[in-house]
Amino acid sequence: MCDFVDIDINGSTYQLPVVNGIYSNNKAINISKLVENTGFITFDPGFKNTGITKSSISFIDGEKGKLLYRGYPIEQIIEKCSFIETCYLILNGDIPNSKQLEFFSQKIKKFNFLHPKFYEIINQIPNFYHPMGFLSFLTHIMTAFTKSNLIEGNDIYIDLLSKFPLLVALIYRKKIGIPPILSDTNIYYTSNLLKMFFSVSNKLYHHNPIIEDALDKLLILHADHEQNCSTTTVRLLGSAHVGLFSSISSGINALWGKRHGGANQAVIEMLEIMLQNGSNINKWINKAKNKKDPFRLMGFGHRIYKNFDPRAVIAKKVAEKLIDKLGIHDPILELAKKLEETALQDSYFQEKKLYPNIDFYSGIIYQSIGIPKEMFTVMFALGRLPGWIAHWREMKKNNDPIGRPRQIYIGYKKRNIDKSN
Ligand code: SDX
């Protein structure tokens, strides 16, 4: 590990300090004094080469296809933890013992209700409003119903973690035109979510442990992922001292984009079109490779992973096990596996190191559970919530400066207004 690097500019040498992470392949050149010392800014559209903060929540080794939450490999967490234990881990830094878990779960249950006004408001909104817009809106109006004493204390995090699944279920039931039902605080978080989704008031609800296990694992896989677009959005708003709910409401909008979390809905829509058009896989692969064609293979490629996305590897196994146990024959899963196989043998995808990402298989799981496509990215947001909260809190604790990048100006030089003609 080196402590400095030298850069030569117009005959002068400048020493820039190096910032070293825990792993030797995670290091940065500290350019915080670059403008002051050299008059240069850096230029890095999309922040592909830029670290914006120091964080201890998750770590991705893109070359090796590894993901750690607070140091634990995702493969171990998925086998040994529930989503609620993972929320505790992401928020508090370690896996809870039984006493801590019980206390955490009880606190979540304590906040597990919505102000009656939410039900009035939800009736005013047209049901053709996309669920992601709906979720951002309802998250934002939580600012109106949360007591100010919560705003400063730890309970604001628990309040949001507890109420979010209620908002998600409310949106789902509005979307399919059935009345909301109240939360059942006597059962586990994910069981309660499924019950609030699928129970019909006049029928006894049958809990399916196979479905609950699959969904709980999928929520774990989404819990955090370093400085992805939506998490950086949450941090950026927090750096301007915007409140937690408003920051996360904006993160939800960033996640909605098809290049980001909206890809899980786009993958299924892409596979359905392929199925309707006779699944000529090579035709679609060639379209995706054609620079002149805007078509991209949704669910493929990643800014950081230049190897398999470990979450996609796990999600594929979860999808296969779920579909097998539910006895579903799903042509979409068969097509997805064929598409993955064909793409991974193609030199274009090999040279560009384009592998399936988390969104490639997650939609197949949601669809097998009976969740409609428009709700897929809402489910991604539900999983990502602990990560967003942890990053917002870390940014506050680090007292990060307000995020305000620079630019290279290529517009008009200074000129005068001339209205004579
Ligand atoms: C998520 O950041 C995160 O961690 C995000 C996420 C999380 O957990 O928060 O992991 C969740 O957002 C996963 C990504 C979901 N999005 C998609 O599946 C949409 C399809 N993928 C692409 O849009 C793209 O791969 C991105 C957006 C994911 C990554 O884009 P980059 O890093 O900006 O890379 P790029 O667009 O510059 O692509 C590099 C090259 C280009 O070719 P050249 O210009 O170099 O010739 O690879 C090509 C691209 O055209 N390419 C693809 C492709 N993805 C990249 N070609 C065909 N199909 C694709 N899917």
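The values are calculated or read from the model by the stated rules, or taken from the named source; none is laboratory data. Since the model is a prediction, treat every value here as computed from it, not as a measurement. In this analysis, Cβ positions are derived from the backbone assuming ideal geometry, glycine residues included, and neighbour counts consider all displayed protein chains. Surface areas here come from the heavy atoms of the whole protein model, side chains and all, with no ligands, DNA or RNA. Shrake-Rupley method; radii C 1.70, N 1.55, O 1.52, S 1.80 Å.
Here are a few things to note about the model shown:
- Modelled FRET efficiency - R0 56 Å, CYS2 with GLU120, Cβ distances, 0.05 increments: 0.35
- On the beta carbon distance between GLU79 and ASN10, with R0 = 56 Å, the FRET formula returns roughly 0.50.
- Cα long-axis angle, helix 229-239 against the chain (0 to 90 degrees, to the nearest 10): 70 degrees
- Exceeding the 25 Å Cα-Cα cut-off - candidates LYS163/LYS321; LYS258/LYS292; LYS163/LYS325; LYS337/LYS373; LYS64/LYS291: LYS163/LYS321; LYS163/LYS325; LYS64/LYS291
- Separation in nanometres of the label points that stand 7 Å from Cα toward Cβ, at LYS64 and PHE145: 4.6 nm
- Cα-centre dipole for segment 288-328 with unit charges at Cβ (Lys and Arg positive, Asp and Glu negative), debye to 20: 220 debye
- The string of couplings for segment 24-29 from the Karplus curve (6.51, -1.76, 1.60, θ = phi - 60°) is 5, 8, 10, 9, 9, 8 Hz, one whole number per residue in order, with x for Gly and Pro.
- Computed per residue of the chain from DSSP H runs no shorter than four, each worth -39500 (n - 2.57), the mean residue ellipticity at 222 nm is -16500 deg cm²/dmol.
- Extending 7 Å from Cα along the Cβ direction at LEU182 and again at ILE417 yields two label points whose distance is 6.2 nm.
- Each of PHE40, ASN97, PHE83 was scored by the projection of its Cα onto the charge dipole of segment 4-107, and the greatest displacement toward the positive side belongs to ASN97; charges sit on the C-beta of Lys, Arg, Asp and Glu.
- Carbon + sulfur, % of accessible area of segment 206-275 - ligands and nucleic acids excluded, 1.4 Å: 60 percent
- Extension gain, ARG404 to GLU341, is 18.4 nm, computed as 0.36 nm per intervening residue step minus the present C-alpha separation.
- Violating pairs (Cα-Cα greater than 26 angstrom) within the set LYS80/LYS316; LYS217/LYS283; LYS203/LYS317; LYS110/LYS195; LYS33/LYS54; LYS54/LYS147: LYS217/LYS283; LYS203/LYS317; LYS54/LYS147
- Extension gain, GLN350 to THR50, is 105.5 nm, computed as 0.36 nm per intervening residue step minus the present C-alpha separation.
- Think of the chain as a dipole: +1 on every Lys or Arg Cβ, -1 on every Asp or Glu Cβ, centred on the Cα centre; then among ASN282, TYR188, ILE211, ASN282 lies furthest on the positive end.
- In the frame of its principal axes, segment 91-225 has Cα extents of 43, 40, 30 Å, reported largest first.
- Compared with the dominant principal axis of the Cα atoms in the chain, helix 376-398 is inclined by about 50°.
- Net charge dipole size for segment 269-337 [Lys, Arg +1 and Asp, Glu -1 on Cβ; Debye, nearest 20]: 480 debye
- Set of aspartates and glutamates with alpha-carbon distance to LYS175 below 14 Å, sequence-local pairs under 8 removed: GLU374
- Separation of the VAL18 and ARG303 label points, Cα + 7 Å toward Cβ, nm: 2.5 nm
- Rounded to 10°, Cα long-axis angle of helix 209-221 versus longest principal axis of the chain: 10 degrees
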